[in-house]
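Novice: One structure, as structure tokens, below. Some questions next.
The values are calculated or read from the model by the stated rules, or taken from the named source; none is laboratory data. Please read all numbers here as calculations on a predicted model, not as lab measurements. Glycine gets a Cβ as well: all are built from the backbone with ideal geometry, and neighbour counts include every protein chain shown.
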Amino acid sequence: MKKLLVTGASGFLGWNLCQIAQSEWQVYGTYCSQPIEISGVSVQKVDLTNFQAMKHLFQAIQPDTIIHTAAQSSPNFCQSNPEASHLINVTAACNLAGLCADASIPCVFTSTDLVFNGLNSPYQETDPVCPINLYGEQKVLAELGMLARYPRTAVCRMPLMFGIAPPTATSFMQPFIQILKAGKDLSLFTDEFRTPVSGKTAAQGLLLALEKVQGYIHLGGKERLSRYDFGRLLVETLELPATGLKACQQKDVKMAAPRPPDVSLNSSKAFALGYTPLSIREELQALKGLV
Ligand SMILES: NC(=O)c1ccc[n+]([C@@H]2O[C@H](COP(=O)([O-])OP(=O)(O)OC[C@H]3O[C@@H](n4cnc5c(N)ncnc54)[C@H](OP(=O)(O)O)[C@@H]3O)[C@@H](O)[C@H]2O)c1
């Protein structure tokens, strides 16, 4: 089997990717601060902001391909910690593309729907970027920097993701479930729209991009819905107590990073390549008993 290196294997998406990639690849993963063991995957600790350590990793594994999911993925953290987050979100990503270019191996990058301002959705790959928070700006810089160093990079713009998470990570749905089960109030935005997919579906999209994409691709789901509507579907499909679910608006909550209202992605290019997200209801039903 050929060797696939997954950066960020202790994170939500990287872990999901490690689960499904094993059938086709010999998978190597990295973590940084949260040690993890993944059955069938050789995992090692690497701080990717250390270029020497990154180079050493390449030399030791000699991967045939890379999917880079490691990042500082919290927009609020990035807004409050611009320098630290720039190092992993921009500098490390560009360095990684440089090493992939040197080795002439495929490189897949996980960007975000937050490269858009949310005023002109649904967004396709050719639409101009216009981030409104620092995390989105950093992802744009990484996209451009990686493609400049290595035009063969597949830049995958990921939507909001949910699903099974390892002990070292979380998706937004786990806290939702805990709050509702505890009988507490869960206020969700009625005016923030995305095109979510499960981590498993997103991981399948990344593997597809690895085979078929150079340049930009959107890996959103087929449905546009608000966080509140997602909460309603969650309650219904997982049979959770509904009494705590409340509607609110973005303006009701103060956050470090500004949030765009609607970054729904038009992912028809990926659908045409064979990317087939299920409906959110089907995705949630498949997670019943597992989250
Ligand atoms: N989750 C979403 O809904 C969403 C939406 C759009 C785009 N994305 C993008 O998708 C990718 C994966 O997101 P995620 O939710 O899986 O993120 P996550 O759960 O926060 O995981 C981030 C991963 O990056 C690793 N990491 C952080 N700093 C590092 C460093 N200096 N060196 C090496 N590794 C480092 C973490 O390792 P440790 O934990 O071991 O330190 C962890 O494995 C990211 O690029 C994110 O920006 C996510």
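Novice: Consider the range 75-102. How many of its residues are touching a Ser or Thr at 6+ places or on another chain (Cβ under 6 Å) and more than 8 Å from the ligand (Cβ to nearest atom)?
Specialist: The number of residues fulfilling the criteria is 2.
Novice: Oh, and also: Just to be sure I understand, how many residues within the range 215-234 are at negative phi and either touching a strand residue (DSSP E or B) at 6+ places or on another chain (Cβ under 6 Å) or of a type in the set (Gly, Ala, Ser) (or both)?
Specialist: Number of matching residues: 11.
Novice: I've got another one for you. Which residues, counting only those in the range 11-42, are in contact (Cβ under 8 Å) with a residue 24 or more places away in the chain, surrounded by fewer than 24 Cβ atoms within 10 Å (Cβ to Cβ), assigned to a loop (DSSP other than H, G, I, E, B) and within 14 Å of the ligand (Cβ to nearest atom)?
Specialist: Correct list: CYS32, GLN34, PRO35, ILE36, ILE38, VAL41.
Novice: Still on this structure, please answer the following. Give the number of residues within the range 98-127 that are under 18 Å from the mean Cα position of the chain (by Cα), without any contact (Cβ under 8 Å) to a residue 60 or more places away in the chain and assigned to a helix (DSSP H, G or I).
Specialist: Residues flagged as under 18 Å from the mean Cα position of the chain (by Cα), without any contact (Cβ under 8 Å) to a residue 60 or more places away in the chain and assigned to a helix (DSSP H, G or I) within the range 98-127 amount to 1.
Novice: Which residues, counting only those in the range 222-276, are out of contact with any helix residue (DSSP H, G or I) (no Cβ under 9 Å at 6 or more places or on another chain), part of a loop (DSSP other than H, G, I, E, B) and over 25 Å from PHE77 (Cα atoms)?
Specialist: ARG224, GLU239, ASN266
Novice: I need every pair where a residue in the range 154-165 that is over 17 Å from LEU233 (Cβ atoms) has its Cβ under 6 Å from the Cβ of a residue that is assigned to a loop (DSSP other than H, G, I, E, B) and within 8 Å of the ligand (Cβ to nearest atom), sequence separation at least 6 or different chains.
Specialist: These pairs meet every condition: ALA165/SER171.
Novice: Now for a different question. Any residue in the range 61-79 that is within 24 Å of GLN214 (Cβ to Cβ) sitting within a Cβ distance under 6 Å of a residue that is within 12 Å of the ligand (Cβ to nearest atom) and at pLDDT below 95? List the pairs, counting only those 6 or more apart or interchain.
Specialist: Going by the 6 Å Cβ cut-off, there are no qualifying pairs.
Novice: Moving on. Restricting attention to the range 61-80, which residues are out of contact with any Leu (no Cβ under 9 Å at 6 or more places or on another chain) and either within 10 Å of THR7 (Cβ to Cβ) or not in a helix (DSSP H, G or I) (or both)?
Specialist: GLN62, ALA71, SER74
Novice: A further question follows. For the range 147-163, give me each residue that is more than 12 Å from the ligand (Cβ to nearest atom) and among the aliphatic types (A, V, I, L, M).
Specialist: LEU147, ALA148, ALA154
Novice: Hey, SER80 hits all of (1) among the hydroxyl-bearing types (Ser, Thr, Tyr); (2) under 20 Å from the mean Cα position of the chain (by Cα); (3) surrounded by fewer than 24 Cβ atoms within 10 Å (Cβ to Cβ) but one; which does it fall short on?
Specialist: It fails just one condition, (2).
Novice: Please work out which residue is nearest to the ligand (Cβ to nearest atom), limiting yourself to the range 46-74 and to residues that are among the charged types (D, E, K, R) and more than 27 Å from ASP113 (Cα to Cα).
Specialist: LYS55
Novice: Within the range 180-203, can one find any residue that is over 30 Å from ASP127 (Cα atoms) and part of a helix (DSSP H, G or I)?
Specialist: yes
Novice: Looking at SER121 and the list (1) more than 28 Å from GLN285 (Cβ to Cβ); (2) away from the ligand (no atom under 12 Å from the Cβ); (3) hydroxyl-bearing (Ser, Thr, Tyr), which single condition is not satisfied?
Specialist: Result: SER121 passes all but (1).
Novice: Against the condition in contact with a Gly (Cβ under 8 Å, 6 or more places away or on another chain), touching a residue at least 60 places away in the same chain (Cβ under 8 Å) and not polar (S, T, N, Q), how does PHE189 come out, does it pass?
Specialist: no
Novice: If I filter the range 90-121 down to residues being touching a Lys or Arg at 6+ places or on another chain (Cβ under 7 Å) and not hydrophobic (A, V, I, L, M, F, W, C), which single residue comes out as surrounded by the fewest Cβ atoms within 10 Å (Cβ to Cβ)?
Specialist: Among those residues, the one meeting the criterion is GLY98.
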